[in-house]
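The values are calculated or read from the model by the stated rules, or taken from the named source; none is laboratory data. Remember, it's a predicted structure, so these values are computed and weren't measured experimentally. When we count neighbours, we look across all protein chains shown, and the Cβ atoms used for this are built from the backbone with ideal geometry, even at glycine.
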Amino acid sequence: MESAAEFVKSWMKLTKEWNAELDQALAPGLTSGQLHVLEILRERGPMKPSDFLPLLETTPAAVTTLLDRMERGGLVERRRDEKDRRIVWVHMTELGRREAERGVALRNAIVARSLERLSLHNRKLLAYLLGKIAGEPVSGAKREGAGREEDGREGAERKDDRDRAERKHAEREGADQKSEQDSAGRRADQEGADRKEGAEMRPAVEPAAERSAADVPAAGEPAAEATA
């Protein structure tokens, strides 16, 4: 549930920024709520005011107020049914159609600027995943394409992991070899120092040995008399 909370927080922040920017761009002739009504009319054609209730998720009074403002702005018009004068139909005017096209283009541009932070692959993947979350039907081609892209992304990630592991292994082997070389170098230096020290000590011993040999009388010679 922690991931769901993080998603909701990020999504609400993002949509709030989008709506604020959209309202500023649409003003003064249109609001985001009015754009929603125009989009519904463009998709479904003329509708009764009560038909907007489940789509706008609001009250009948709020729908009436919204349609009143849109009619005064020339975006929609109410017409009585020719057969049953009790029924009123809401039609989109030509101005409303142009404003709907303008509003959709502005909204798409705002969202596109946010999506520029992602790569083309991640944009397609995000659209596919959001469609699945929303329960929208996904065509086989789109599903297959998204699957290939997801497989490609996973394959690339696995390759990156392998490359990183191989680099670490090579670095460890290089460090071990360097350590061994350093140890061998230290041993060679120590052996050289030991040999040098031994060589320096030998000349000091040899004269004493020679003197000792000179003190010993040769065969047939009388030994030196002891001093009194």
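Things to note:
- Among residues of segment 1-29, those that are more than 18 Å from the chain's Cα centre (by Cα), of a type in the set (S, T, N, Q) and modelled with pLDDT under 90, counted: 0
- The set of residues in segment 44-66 being within 15 Å of Trp89 (Cβ to Cβ) and in contact with a helix residue (DSSP H, G or I) (Cβ under 9 Å, 6 or more places away or on another chain) consists of Arg44, Met47, Pro49, Ser50, Asp51, Phe52, Val63, Thr64.
- The lone criterion from (1) surrounded by 12 or more Cβ atoms within 10 Å (Cβ to Cβ); (2) modelled with pLDDT of 95 or more; (3) farther than 26 Å from Ala20 by Cβ left unmet by Lys124 is number (2).
- Test: Asp81 is at pLDDT 95 or above and either exposed (fewer than 14 other Cβ atoms within 10 Å of the Cβ) or touching a Phe, Trp or Tyr at 6+ places or on another chain (Cβ under 8 Å) (or both): no
- Leu75 being under 22 Å from Leu22 (Cα atoms) and in contact with a helix residue (DSSP H, G or I) (Cβ under 8 Å, 6 or more places away or on another chain): yes
- When each of Glu149, Glu116, Glu144 is tested for being of a type in the set (Asp, Glu), modelled with pLDDT under 60, under 30 Å from Thr15 (Cα atoms) and within 17 Å of the chain's Cα centre (by Cα), the lone residue that passes is Glu149.
- Scanning segment 49-64 for residues being β-branched (Val, Ile, Thr) and under 12 Å from Gly33 (Cα atoms) gives a total of 2.
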